[in-house]
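Input: a single structure, listed below in structure tokens.
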Amino acid sequence: MIGRGKRSGFTQRLRRRFIVGAMAAVTLVLAAIIAAINVASYLSVCQQADGRLAYIASCEGLVPYASGEKPGKDRERELKSDLAKYGLSVEMMFELRYFTVVVNADGSMGEAYTDRIATVDEDEARQLVQTLAQQGRTSGFSDAYRFCVVDAPSTSGDDGGRMYILLDCGRDLSKFWGTFAMSLVVGVAGLLLVLLLVIMFSHIVLKPVVESYEKQRRFVTDASHEIKMPLAVIDAANEVLKIEHGEDEWTESIHEQVERLSGLCEQLVMLSRMDEGGSRLNVRQVDIAEVVREAAAPFETLAGARGKRLEVRAPGHLDYRADPEAVARALGLLLDNATRYASEGSTIELVAEGGVRGIVLSVSNPVDEAPEGDLNRLFERFYRPDSSRSSSTGGSGIGLSIVRAIAEAHGGRASVSYSKGILTFSMRL
């Protein structure tokens with residue numbers, strides 16, 4: 001039951017995936033909202049600054065009325081009309097903090113106007129503009145100054161000169177960065193709150209799913225155990241028939257079907273135990289290459305009997321921490337699958353490789369027909385891409401599910417790929 005005793009591995013994985021999925025969705029949406037708000041805020045700062053620069057340029061760098069002066073009523077109406085073109089108000093005109101520097105045609109520094117700013121003198125203004133001129137920049141930000149370059153007024157005495165206008169946007173940028181920092185803090189706090197709520201409510205949301213799964217798992221386990229007894233009775237009765245009447249095709253068929261059902265029951269129980277976390281691996285330091293060779297040995301004869309050939313490629317030693325019995329079982333299932341479905345007269349390859357990301361065991365075999373659809377569905381329980389062929393070959397439909405479960409129990413994954421007529425199943429430990 002949920003919340004009582006030790007939760008199954010399935011329940012834990014399902015809950016983790018739910019939390020990760022929910023948080024990923026919330027994070028993406030929240031990040032998009034925060035990014036949109038801050039980008040819009042930054043563009044607004046740039047737009048307002050560019051409007052002010054355009055107005056200053058229209059005044060040839062000399063904005064009328066300093067901080068202590070006031071325009072008359074008639075002049076104020078004219079100013080309102082002119083300033084509206086640049087998105088400015090009459091009051092904003094008095095708040096403009098800027099300086100200009102003329103760069104002559106020969107590249108020398110000309111006249112500097114710093115009357116409308118208190119923190120920059122003429123030498124500092126010329127030095128800053130000289131740096132911008134050497135960099136070849138004509139617009140953008142330089143520290144807290146938004147700047148542009150226009151043709152210098154003809155009164156400068158040197159035709160062909162350029163005038164740099166630098167507007168102090170320190171206050172606007174300070175507001176923007178303050179808003180940006182606050183939005184990040186609020187965003188992170190919001191994510192933490194959502195994470196807490198998701199964790200709290202994940203039990204409630206997933207409770208029906210987990211209960212349904214637990215009932216299904218218990219049914220599979222109980223049914224498998226209940227089926228074993230009748231199978232044993234049928235097999236025993238079949239042996240009696242063999243003794244009394246001799247072996248024939250019917251008794252042989254009964255024996256094969258009993259073995260098949262018994263194997264299916266064992267596989268179902270094993271999958272159920274691995275899902276609930278009850279099947280613990282006996283992990284220890286082993287030579288995976290030796291495990292591979294031992295697991296492949298019985299299938300060399302089987303492959304030959306089925307008209308195919310098995311080729312094993314493994315290094316001399318490949319030490320790794322794993323459960324050798326589980327790895328051998330997974331390899332046996334992959335090789336059994338390959339010997340059943342490989343093209344007639346083809347060569348099956350079993351390859352073991354070591355790398356920085358772990359051990360990769362792969363089984364490749366040619367196939368007569370290209371598989372269709374999503375290949376990863378082959379790892380689903382009882383999935384058969386071709387039911388008639390699967391039935392004729394005697395497959396149970398859950399062998400690859402066990403391979404995936406064993407790979408995941410070792411912290412890895414199972415995958416399948418198809419290229420140029422070769423189907424490859426890989427298991428990473």
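The values are calculated or read from the model by the stated rules, or taken from the named source; none is laboratory data. If you're wondering where the values come from, they're calculated on a predicted model, not measured in any experiment. A quick note on method: Cβ atoms are made from the backbone with ideal geometry, for glycine too, and the neighbour counts reach across all protein chains shown. Heavy atoms of the whole protein, side chains included, go into the accessibility calculation; ligands, DNA and RNA do not. Shrake-Rupley method; radii C 1.70, N 1.55, O 1.52, S 1.80 Å.
Summary table
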{"read-out": "Set of aspartates and glutamates near LYS242 by C-alpha distance (under 20 Å), chain-local residues within fewer than 8 positions excluded", "value": "GLU252, GLU256, GLU259"}
{"read-out": "Cα-based reach from LYS308 at 13 Å (exclusive), listing aspartates and glutamates while leaving out same-chain residues under 8 positions away", "value": "GLU300, ASP336, GLU344, GLU349"}
{"read-out": "Solvent-accessible surface ranking, highest first, for VAL149, VAL283, VAL363 at 1.4 angstrom", "value": "VAL283, VAL149, VAL363"}
{"read-out": "Inter-label distance for VAL209 and GLN47, nm, one decimal - labels placed 7 Å from Cα along Cα-to-Cβ", "value": "4.3 nm"}
{"read-out": "Whether the range 326-366 is rounded, prolate or oblate, judged on the alpha carbon gyration tensor where a/c under 1.5 counts as rounded", "value": "oblate"}
{"read-out": "Pairwise FRET efficiency - GLU259 versus ALA24, Cβ, R0 = 56 Å, nearest 0.05", "value": "0.75"}
{"read-out": "Label point distance in nm, ALA118-GLU247, each placed 7 Å from Cα along Cα→Cβ", "value": "10.9 nm"}
{"read-out": "Karplus-derived HN-Hα couplings along the range 103-117 (A = 6.51, B = -1.76, C = 1.60, θ = phi - 60°), whole Hz, x at Gly and Pro", "value": "10, 5, 4, 7, x, 7, 7, x, 5, 10, 10, 10, 5, 9, 8"}
{"read-out": "FRET efficiency, 1/(1 + (r/R0)^6) with R0 35 Å, evaluated for LYS80 and SER142 via beta carbons", "value": "0.65"}
{"read-out": "Spin-label pair ILE37/GLU294, simplified geometry with 7 Å Cα→Cβ offset, distance in nm", "value": "6.2 nm"}
{"read-out": "Stretchable slack from ARG306 to GLU266, in nm (0.36 nm times residue separation minus alpha-carbon distance)", "value": "11.9 nm"}
